[in-house]
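*Asks:* Please read through the structure below; I'll follow up with questions.
The values are calculated or read from the model by the stated rules, or taken from the named source; none is laboratory data. Everything numeric here is computed off the predicted structure, so don't read it as measured data. Here Cβ is always computed from backbone atoms with ideal geometry, including for glycine, and neighbour counts include all displayed protein chains. Quick note on the areas: whole protein, heavy atoms, side chains included, nothing else; ligands and nucleic acids left out. Shrake-Rupley method; radii C 1.70, N 1.55, O 1.52, S 1.80 Å.
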Amino acid sequence: MAALQLATAEVCDANPHLILSGELRALQPIFQIYGRRQVFSGPIVTLKVFEDNVLVREFLEEKGNGRVLVVDGGASMRCAILGGNPVQQAQNNGWAGIIVNGCIRDVDEINGCDIGVRALAPHPMKANKKGIGEKHVAINLAGTRIFDGEWLYADTDGILVSRMELTV
């Protein structure tokens, strides 16, 4: 399932009614761009963790089917919750992208992967491995509440979240 590639600025210009109603939201511009795929979109899978990457890895071991994993890592700047190996696996398993409200590592390896990745910053220290977190829950990040099953659209202008799949 390849989602339609829409320019985020054009989507905003064409849909002021969806913005006004809250059906279309823009994330605050706090994320750095990683990975070779700068434009990506797909249905959202949510995950909430803190300085622990076991559940992140478990999700990315599944078939992605064009989905986007959105991880609320609590904006921690003390360790990376995503690294090169799981990103490589996500690419191979058909994930469209990964948004991390936290840090990543192995940036050169991630930048070689054909997948979209957004994160706050790089960090060399690895995460804990306790398996603590919540799957498929509503999360708050970058000034926006995000629900499992919504749609995400990302390009070099920013990241949009929509309650439904958008068409042109």
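*Asks:* Can you list residue pairs whose Cβ atoms sit under 8 Å apart, with the first residue in region 48-60 being buried (at least 21 other Cβ atoms within 10 Å of the Cβ) and the second being part of a helix (DSSP H, G or I) and small (Gly, Ala, Ser)? Count only pairs 6 or more apart in sequence or on different chains.
*Replies:* Leu60/Ala90
*Asks:* Say we look at region 61-76 and pick out the residues that are charged (D, E, K, R) and within 22 Å of Thr144 (Cα to Cα); which of these is least open to solvent (accessible area, probe 1.4 Å)?
*Replies:* Asp72
*Asks:* Out of the residues in region 77-102 that are surrounded by fewer than 24 Cβ atoms within 10 Å (Cβ to Cβ) and of a type in the set (A, V, I, L, M, F, W, C), state the one that is farthest from Asn53 (Cα to Cα).
*Replies:* Among residues in region 77-102 that are surrounded by fewer than 24 Cβ atoms within 10 Å (Cβ to Cβ) and of a type in the set (A, V, I, L, M, F, W, C), the one farthest from Asn53 (Cα to Cα) is Met77.
*Asks:* Within region 110-160, restricting attention to residues that are polar (S, T, N, Q) and assigned to a strand (DSSP E or B), which residue is nearest to Gly73 (Cα to Cα)?
*Replies:* Among them, the one singled out is Asn140.
*Asks:* Additional query: Which one of these does Asn92 not meet: (1) in contact (Cβ under 8 Å) with a residue 12 or more places away in the chain; (2) farther than 27 Å from Thr167 by Cβ?
*Replies:* (1)
*Asks:* Please go through region 103-137 and give me each residue that is under 23 Å from Leu27 (Cβ atoms), surrounded by fewer than 14 Cβ atoms within 10 Å (Cβ to Cβ) and touching a helix residue (DSSP H, G or I) at 6+ places or on another chain (Cβ under 6 Å), ordered by number.
*Replies:* Across region 103-137, the qualifying residue is only Asp114.
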